[in-house]
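Enquirer: This structure is in structure tokens; I'll ask about it shortly.
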Amino acid sequence: MRRGCFLLSAVLMLGLLAGCGGQQEELDRTRIRSDTTYLCQTFPDRVTGTEGERQTCDWLEEQLEQAGFSCQDGTLLRQSFSGLKGKTSENLTALCNRGGDPVLCVTAHYDNVEGSPGARDNGAAVAVLLELARCLGQEQPEQAAEIRLIFLGSEENGYYGSRAYLESLSPEERERHLAVFNMDISAATRGEGELVCCTLGGWEDGQYREGDIFSPAENRVSQAVSEAGQKILGGPVPVVHGGESDHVTFHQWGIDAANVCWRRLEDGFPVLPSEYHKPEDTAETIDYETAWTTGRCVLEALRLLGGEISTPENDL
């Protein structure tokens, strides 16, 4: 059965991220706010192929090095690739428990569109991903899985960053990838919207099932996030059908993925925020409680995923 080789290591996952359950409160809301503000004010132009995008990647690398990750020891990887019209962009990956099995990814793109500071899309999610890196660190002796925290470039013009990441992997490496938690527009205006999981498909009974707008596809990611929401928010996180971010690429390669994001639901359908791709998408207009909540749910979902895949009947 698919990924059956992960069964033994998955049993250890409850212990693996037990620390994360306790570390949730270590996600610093103030730092998420300050990092989002710094990104949007210091690098307002993070468009693919620009100097601003490269400088943003430099800054992210510095932050991850301060958190203990290193290019020298292989826990920090910087990958250059060619995107739309040959424009150069970069991915930056921090590895927690390098060499573990399976691989769980958390992703967020750091580029933006011209004319928008990109606080919701996607500065706040990048700040949350930085906080996850600081919380997890590069070494967790109890951990069975390898967690890859991936800062993706060139999302806005065609998901080139996620595509380059996957194309750089061997078939064996891709097979190790069990779940991808994508974060895009993972913060909201106060009182607007709710946390949802946007999915396109998922593994079920050994087959990969496509979803649609009337029947969204559950997968490992959405199930874990929904369960985390039940614990943290007091209710499950809705699952809706939706693309428009890097989880699309992982879906196309047959890997369970979902965009953990904030949306206003109208008749059950997700609606993008009014500030989307506009000059009004500024750091000052975000409710950082929503960004912090996203991070907490992702951490808890990672822990719960270990329990979900530890029994034979749930193995895919």
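Enquirer: List PHE214, PHE81, PHE269 from most exposed to least, where exposure is judged by having the fewest other Cβ atoms within 10 Å.
Expert: So the residues, fewest neighbours to most, are PHE214, PHE269, PHE81.
Enquirer: Let me ask something else. May I ask for the net charge around GLU244, where only other residues with Cβ less than 14 Å from the Cβ of GLU244 are counted and Lys, Arg are +1 while Asp, Glu are -1?
Expert: It works out to a net charge of -3.
Enquirer: Relative contact order, percent, of the chain when contacts are C-alpha pairs under 8 Å separated by at least 6 residues?
Expert: Relative contact order here is 26 percent.
Enquirer: Please name which of ALA119, LEU299, ALA144 has its Cα lying farthest along the dipole of the chain towards the positive end, using unit charges on Cβ (Lys, Arg +1; Asp, Glu -1) and the Cα centre as origin.
Expert: Of the listed residues, the answer is ALA144.
Enquirer: Have a look at LEU166, LEU305, LEU132 and tell me which one the Gaussian network model of the chain (Cα, springs below 10 Å) gives the largest fluctuation.
Expert: LEU166
Enquirer: So what is the calculated 222 nm ellipticity per residue for the chain, using -39500 (n - 2.57) for each DSSP H run with n of 4 or more, over all residues, to the nearest 500 deg cm²/dmol?
Expert: -10500 deg cm²/dmol
Enquirer: Taking the chain as a Gaussian network, Cα atoms linked when under 10 Å apart, which of GLY234, GLY153, GLY243 shows the biggest mean-square fluctuation?
Expert: Residue with maximal mean-square fluctuation among GLY234, GLY153, GLY243: GLY234.
Enquirer: Here is a follow-up. Taking the Cα centre of the stretch 4-314 as the origin, how large is its charge dipole in debye, to the nearest 20, when only Lys and Arg (+1) and Asp and Glu (-1) carry charge on their Cβ atoms?
Expert: The calculated dipole for the stretch 4-314 is roughly 180 debye.
Enquirer: To continue, here is another question. Neighbouring Cβ atoms within 10 Å as the yardstick, rank GLU26, GLU194 fewest first.
Expert: Starting with the residue having the fewest Cβ neighbours, the order is GLU26, GLU194.
Enquirer: While we're here: Express in nm, to one decimal, how much length is gained between LEU272 and GLN55 on full extension, taking 0.36 nm for each residue of separation and deducting their alpha carbon distance.
Expert: Net length gain for the segment: 75.3 nm.
Enquirer: Something else: Rounded to the nearest 5, what is the percent of antiparallel bridges among the DSSP beta bridges in the chain?
Expert: Roughly 60 percent of the beta bridges in the chain run antiparallel, per DSSP.
Enquirer: Can you tell which of MET183, CYS135, TYR208 lies farthest toward the positive end of the dipole of the stretch 114-235, using +1 and -1 charges on the Cβ of basic and acidic side chains (Lys, Arg; Asp, Glu)?
Expert: CYS135
Enquirer: When Lys and Arg each count +1 and Asp and Glu each count -1, what net charge do the other residues less than 12 Å away from ALA257, Cβ to Cβ, add up to?
Expert: So the surrounding residues net to -2.
Enquirer: Springs between alpha-carbon pairs under 10 angstrom, Gaussian network model over the chain: which of THR30, THR282, THR293 fluctuates most?
Expert: Judging by the Gaussian network model, the answer is THR30.
Enquirer: What list do you get for ASP205, ASP45 if you sort them by fewest beta carbons within 10 Å?
Expert: Listing ASP205, ASP45 from fewest to most nearby Cβ atoms yields ASP205, ASP45.
Enquirer: Within the set of other residues whose C-beta is less than 11 Å from the C-beta of PHE43, count the net charge using Lys and Arg as +1 and Asp and Glu as -1.
Expert: Once positives and negatives cancel, what remains is -3.
Enquirer: Here's another thing I want to ask about it. Please work out whether the chain counts as rounded, prolate or oblate from its C-alpha gyration tensor, where a ≥ b ≥ c are the square roots of the eigenvalues and a/c under 1.5 means rounded, while otherwise a/b larger than b/c means prolate and anything else oblate?
Expert: It is rounded, given that a/c, with a ≥ b ≥ c, falls under 1.5.
Each value in this text was obtained by applying a stated rule to the coordinates, not by laboratory testing. Owing to the predicted nature of the structure, the values given are computational and were not obtained by experimental measurement. All Cβ positions, glycine included, derive from the backbone under ideal geometry; neighbour counts span all protein chains shown.
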